[in-house]
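Only the coordinates and a few stated rules stand behind these numbers; no lab work does. Just so we're clear, the structure is a prediction, and the values are computed from it rather than from any experiment. With ideal geometry, Cβ positions are generated from the backbone for all residues, glycine too; neighbour counts draw on all protein chains shown.
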Amino acid sequence: MTIALYPGSFDPFHLGHLAVVRSVAPIFDEVIVAAVHNPQKTSFMFPLAERQELIRQSCEGIDNVSVAEFSGLVVDAAAELGAQVIVKGLRSSVDFELEQQMAHLNAAMSGVLSVFVPSDPEHSFVASKFVREIANLGGDVSSMVPAPVAAAIAARMG
Ligand code: PNS
């Protein structure tokens with residue numbers, strides 16, 4: 001049984017993230033989407049529990065996907081969750097440079113394999129940082145995020 005860990009901040013979970021989940025779900029027995037708990041980070045759009053709930057709602061219908069949280073090293077989370085593979089989405093060569101270095105570090109620390117998934121071209125420009133910025137400035141992000149996230153953002157923005 002091969003379990004893949006897809007770690008991220010997911011603040012918020014957007015359609016690029018969902019495309020990654022959809023791409024890898026048929027390949028692995030189980031995909032665990034794990035939202036990071038970062039006590040150092042004080043400014044976020046959604047608290048951890050809500051991020052997890054929005055991921056759960058967004059991935060509804062994809063049977064082998066579950067949602068978790070983690071703090072600390074990604075490799076430790078992978079070991080705790082029984083995952084043999086770490087999944088990362090790549091939007092650009094900039095993502096690749098950073099993710100390749102992290103993949104090597106993670107492999108050096110634990111031997112875990114990282115798998116890179118190219119982003120869905122339709123959403124390759126979407127990033128959580130910009131979704132937050134657009135939403136905070138009153139823009140419409142409904143084409144960039146799954147419906148449950150769009151509803152939560154709309155509720156939050158009043
Ligand atoms: O881009 P995101 O979604 O904010 O990424 C969050 C996370 C935790 C997946 C990313 O920051 C990451 O992979 N961090 C690595 C933390 C770690 O284990 N560092 C040690 C070796 S690289």
Counting other beta carbons within 10 Å of each Cβ, put Met109, Met144, Met102 in order, fewest first. Met109, Met102, Met144
In the neighbourhood of Val85 defined by beta carbon distances under 12 Å, the net charge of the other residues (Lys, Arg +1; Asp, Glu -1) is -1
With +1 on the Cβ of every Lys and Arg and -1 on the Cβ of every Asp and Glu, and nothing else charged, how large is the dipole of the chain about its Cα centre, in debye rounded to the nearest 20? 300 debye
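Order these by the 10 Å Cβ neighbour count, fewest first: Asp11, Asp63, Asp120. It would help to have the intermediate numbers written out before the result.
On the way: Asp11 23, Asp63 9, Asp120 18.
Result, fewest neighbours first: Asp63, Asp120, Asp11.
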What's log10 of I(q)/I(0) for the stretch 36-80 at q = 0.16, 0.17, 0.21, 0.32 Å⁻¹, Debye sum over Cα points only, no solvent? -0.52, -0.58, -0.82, -1.11
Quick one: if you stick a label point 7 Å off each Cα along the C-beta vector at Leu105 and Ser66, how many nm between them? 2.8 nm
For the stretch 87-100, 3J(HN,Hα) per residue [Karplus equation, 6.51 cos²θ - 1.76 cosθ + 1.60, θ = phi - 60°, Hz, x = Gly/Pro]: 9, 9, x, 10, 9, 7, 5, 5, 4, 4, 4, 5, 5, 5
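Can you give the translational diffusion coefficient of the chain in µm²/s, computed by Stokes-Einstein from the Kirkwood radius over Cα pairs at 20 °C and 1.002 mPa s?
Details: Rh = 15.9 Å.
Translational diffusion coefficient: 135 µm²/s.
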What would the Debye equation give as log₁₀ I(q)/I(0) for the stretch 29-103 at q = 0.26 Å⁻¹, counting only Cα atoms as equal point scatterers? -1.28
